[in-house]
Amino acid sequence: MDVAARNFAAFSSADELAELLSSVARAPTLILGGGSNILLTKNYDGWVLKNNIKGIELIKENEHHLYVRAGAGENWHQFVSYSIQRNWAGVENLSLIPGNVGASPMQNIGAYGVEVKEVFDELDAFHLKDKKVYRLSVNDCKFGYRDSIFKNKYKGQFVILNVTFRLNKIPRFNTSYGAIEEELENMGVKNLNIKVISQAVINIRSSKLPDPAKIGNAGSYFKNPQISKSKFLSLKGKFPELPGFENADGKVKLAAGWMVEQCGWKGFRKGDAGCHGKQALVLVNYGNASGREIEELAEKILQSVKQKFGIQLEREVNIV
Ligand SMILES: Cc1cc2nc3c(=O)[nH]c(=O)nc-3n(C[C@H](O)[C@H](O)[C@H](O)COP(=O)(O)OP(=O)(O)OC[C@H]3O[C@@H](n4cnc5c(N)ncnc54)[C@H](O)[C@@H]3O)c2cc1C
């Protein structure tokens, strides 16, 4: 079901953004990238400002690394393809993630064993109140699992203008996660390189994730919860098949999708709101469900997981 914004404008540079903000005055603003991680539950009574800052530039290089700056409005997968075509390594496992470059540090996008923080160098961001551009380093951004300072302390304060990535001249292949190795075998790959890894990721993602252009969805609706090892072992006593992946910090990451599935939601549909049949973590809109209906379904799922496993899931999607 459609929702509307009171006002909409797009900007293609920091100067255009500054000019726009002076006319917007004190109205609420929502910065829009590709819109692939936002659930709109009502009309937006303010300004939606679409970031269209473009450009990809190799700004420096040394023996091992290439420093590549990309405008926030560049499509993420196009940036990945651009890098792969030039044999610049580091982002191949992040192929086909929807959305734009500017949102990639917001939740430290990640897939198939790689997170954007591993190739992140710095970013430029416009502070909405100070009206100044600041340069933030990897330490400033405080990246965590699907998390950064932009989702916490600096929430709603900055507009990311561009991101500089530190890509690798010599690739470090990461094929151990998910079904990459199996897919490479199916593809008959003999010589590993970043192109074939990217293609394997694309094949896997296309086979199990709904295309948002065809079926409305925002990817994983919930984050994978992280719990202490002792809590994990006690849960495992009750649910012997419970999958868990130990992090470097000793915590154990649980598969939220598995828990949602165990609660019987996989493939569930009420009206046009549903839980995807191939990936229980993805809530889908089959056509005319409202944002509120999707959120109501999410709430029911949260409650059932809490009841069965005693685990409070957290939303990954940005609800507006
Ligand atoms: C099918 C599918 C699969 C997905 N798979 C993955 C995955 O594997 N891994 C993963 O991490 N994510 C995944 N996602 C989520 C999504 O792709 C990412 O969160 C992506 O980074 C969102 O980019 P976007 O440009 O669409 O952001 P939007 O949805 O437009 O915005 C997301 C948030 O960031 C803010 N924002 C956007 N741009 C800027 C900016 N320039 N400055 C300041 N704030 C900004 C918005 O206000 C909003 O709060 C998936 C989504 C879908 C639909």
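Rule-based calculations on the coordinates, nothing more; no lab input. Note that the coordinates shown come from a computational prediction; the quantities given were computed from them, not determined experimentally. Positions of Cβ are backbone-derived with ideal geometry, glycine not excepted, and every protein chain shown enters the neighbour counts.
Against the empirical 2.2 N^0.38 Å (N residues), segment 109-164 has a Cα radius of gyration ratio of 1.13. The length gained by stretching the chain between E181 and N43 to full extension, at 0.36 nm per residue less their Cα-Cα distance, is 45.2 nm. In a fully extended conformation the segment linking K236 and A25 would gain 70.6 nm over its present Cα-Cα distance, using 0.36 nm per residue.
Looking at the square roots a ≥ b ≥ c of the eigenvalues of the Cα gyration tensor of the chain, which shape do they give, rounded for a/c under 1.5, prolate if a/b is larger than b/c, or oblate? Please report the intermediate quantities before stating the final value.
Values: a/c = 1.63, a/b = 1.12, b/c = 1.45.
Oblate is the answer for the chain, as a/c is 1.5 or above yet b/c matches or exceeds a/b.
Placing +1 on each Lys and Arg Cβ and -1 on each Asp and Glu Cβ, with no other charges, gives segment 9-64 a dipole about its Cα centre of roughly 340 debye. The H on the amide N of A5, modeled in the peptide plane, is under 5 Å from the matching H of Y44, each at least 5 residues off or on a different chain. Considering the options M187, Q199, F150, tell which one lies farthest towards the positive end of the dipole of segment 139-202, charges being +1 on Lys and Arg and -1 on Asp and Glu at the Cβ, about the Cα centre. With unit charges placed on the Cβ atoms, the residue in question is F150.
Take the Cβ-Cβ distance between V133 and E261 as r, set R0 to 56 Å, and report the resulting FRET efficiency rounded to the nearest 0.05.
Working: r = 45 Å, r/R0 = 0.80.
Computed FRET efficiency for V133 and E261: 0.80.
For segment 58-114, the mean projected area of the C-alpha convex hull, equal to one quarter of the hull surface, is 4.0 nm².
When the square roots of the Cα gyration tensor eigenvalues are ordered a ≥ b ≥ c, the ratio a/c for segment 1-48 is 1.5 or more and a/b does not exceed b/c, which makes its shape oblate. Here I59 and R292 are evaluated by their C-beta separation; at R0 = 45 Å the FRET efficiency comes out at 0.50. Classification of segment 193-252 by its C-alpha gyration tensor yields a prolate form. The axis ratio a/c (a ≥ b ≥ c) is 1.5 or more, and a/b outweighs b/c.
Springs between Cα atoms under 10 Å define the GNM used for the chain, and in it the highest mean-square fluctuation of F158, F173, F150 occurs at F173. When DSSP beta bridges are restricted to pairs lying wholly in segment 1-132, around 45% turn out antiparallel.
Only one residue of A125, F245, A70 has its Cα farthest out toward the positive end of the dipole of the chain, where Lys and Arg carry +1 and Asp and Glu -1 on Cβ, and that residue is F245.
Taking GluC sites (Glu not before Pro) across segment 45-95, the ones in a DSSP loop with at most 11 further Cβ atoms lying within 10 angstrom of their Cβ are E63. Taking a point 7 Å out from the Cα of N193 in the direction of its Cβ, the residues of segment 54-73 whose backbone N falls within less than 20 Å of it are 64-66.
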